[in-house]
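Right, one structure below, let's go through it.
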């Protein structure tokens with residue numbers, strides 16, 4: 001498969017990229033700040049291509065997509081993984097911080113989907129996987145706006161799936177729980193331990209856990225699955 005992924009050189013996205021590359025897919029990785037990691041992936045995998053872009057800029061998003069189509073000749077799947085977090089009391093969040101959050105977590109998803117769908121319609125099918133969060137499913141205190149951004153992604157996913165299913169386009173979500181990534185590195189050891197104990201499987205998730213879910217949704221084994229939000233949280237929301 002020819003796969004485009006945003007945020008594919010760090011955190012969960014990096015592991016998704018590596019897993020798909022190891023299975024001989026051709027993967028175009030869009031990154032913004034993770035230059036060193038992106039270059040390392042490209043050197044390790046001959047089937048990897050990388051592209052630096054700030055996807056909040058429409059022209060750069062279009063350039064990323066045009067490069068991928070020119071390089072691979074087409075696209076079979078899009079994975080929207082780029083994201084940022086925002087913690088703090090609701091009333092203390094500035095307009096600028098809110099706009100930046102929504103630009104990355106939601107608007108970029110819309111932009112890339114709007115670029116991918118015409119290609120999928122032309123070829124008679126394709127797959128989109130959006131990375132959301134359990135907080136989009138069950139909003140969290142002091143993460144109200146982050147939760148809202150991820151809820152928007154989940155809602156968009158389901159609406160797109162309903163609209164595009166007859167055209168052979170599957171659209172699904174993966175919502176990670178507490179995963180061992182840089183995004184959670186600001187949490188104290190005590191907080192992480194409490195989160196572990198609050199998880200029925202009694203461990204913090206690994207990036208592999210999320211990558212495996214994405215790999216499944218891209219596979220033929222998931223050919224009758226669309227409009228779903230696959231929660232990968234060790235039972236945390238239970």
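The values are calculated or read from the model by the stated rules, or taken from the named source; none is laboratory data. Since the structure is predicted, the reported quantities are computational estimates derived from the model, not experimental observations. Please note: Cβ atoms are built from the backbone with ideal geometry, for glycine as well, and neighbour counts cover all protein chains shown.
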I'm told residue 70 meets every condition in (1) in a helix (DSSP H, G or I); (2) in contact with a helix residue (DSSP H, G or I) (Cβ under 7 Å, 6 or more places away or on another chain) except one. Can you identify the failing condition by its number? (2)
Regarding residue 87, is this residue assigned to a helix (DSSP H, G or I) and either at pLDDT 95 or above or touching a helix residue (DSSP H, G or I) at 6+ places or on another chain (Cβ under 8 Å) (or both)? no
Got a number for residues in the range 139-166 being surrounded by 15 or more Cβ atoms within 10 Å (Cβ to Cβ) and either touching a residue at least 24 places away in the same chain (Cβ under 8 Å) or over 20 Å from residue 107 (Cβ atoms) (or both)? 15
Residue satisfying condition, being assigned to a helix (DSSP H, G or I) and farther than 28 Å from residue 141 by Cβ, within set 37, 100: 37
Please tell me if residue 105 is in contact with a helix residue (DSSP H, G or I) (Cβ under 7 Å, 6 or more places away or on another chain) and outside any helix (DSSP H, G or I). no
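Table: residues versus (1) at pLDDT 95 or above; (2) closer than 19 Å to residue 143 by Cβ; (3) assigned to a loop (DSSP other than H, G, I, E, B); (4) in contact with a helix residue (DSSP H, G or I) (Cβ under 7 Å, 6 or more places away or on another chain).
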| site | (1), (2), (3), (4) |
| --- | --- |
| 159 | yes, no, no, no |
| 173 | yes, yes, no, yes |
| 187 | no, yes, yes, no |
| 193 | no, no, no, no |
| 201 | yes, no, yes, no |
| 208 | yes, no, no, yes |
| 213 | yes, no, no, no |
| 216 | yes, no, no, yes |
| 230 | yes, no, no, yes |
What tally of residues in the range 45-61 results from selecting those that are without any contact (Cβ under 8 Å) to a residue 24 or more places away in the chain and either more than 20 Å from the chain's Cα centre (by Cα) or assigned to a strand (DSSP E or B) (or both)? 5
Just name the residue that is surrounded by the fewest Cβ atoms within 10 Å (Cβ to Cβ) out of those in the range 19-38 that are in contact with a helix residue (DSSP H, G or I) (Cβ under 7 Å, 6 or more places away or on another chain) and free of Cβ contacts under 8 Å to residues at least 40 places away in the same chain. 37
Single residue of 87, 111 found to be under 18 Å from residue 172 (Cα atoms), in contact (Cβ under 8 Å) with a residue 40 or more places away in the chain and out of contact with any strand residue (DSSP E or B) (no Cβ under 9 Å at 6 or more places or on another chain): 111
Pair list, Cβ under 7 Å, 6 or more apart: the range 65-82 residue touching a residue at least 12 places away in the same chain (Cβ under 8 Å), other residue part of a loop (DSSP other than H, G, I, E, B): 68/75; 69/75; 76/1; 77/1; 81/7; 81/8; 82/7; 82/55
Can you tell me which residue in the range 108-137 is surrounded by the most Cβ atoms within 10 Å (Cβ to Cβ), limited to those that are within 11 Å of the chain's Cα centre (by Cα) and part of a helix (DSSP H, G or I)? 109
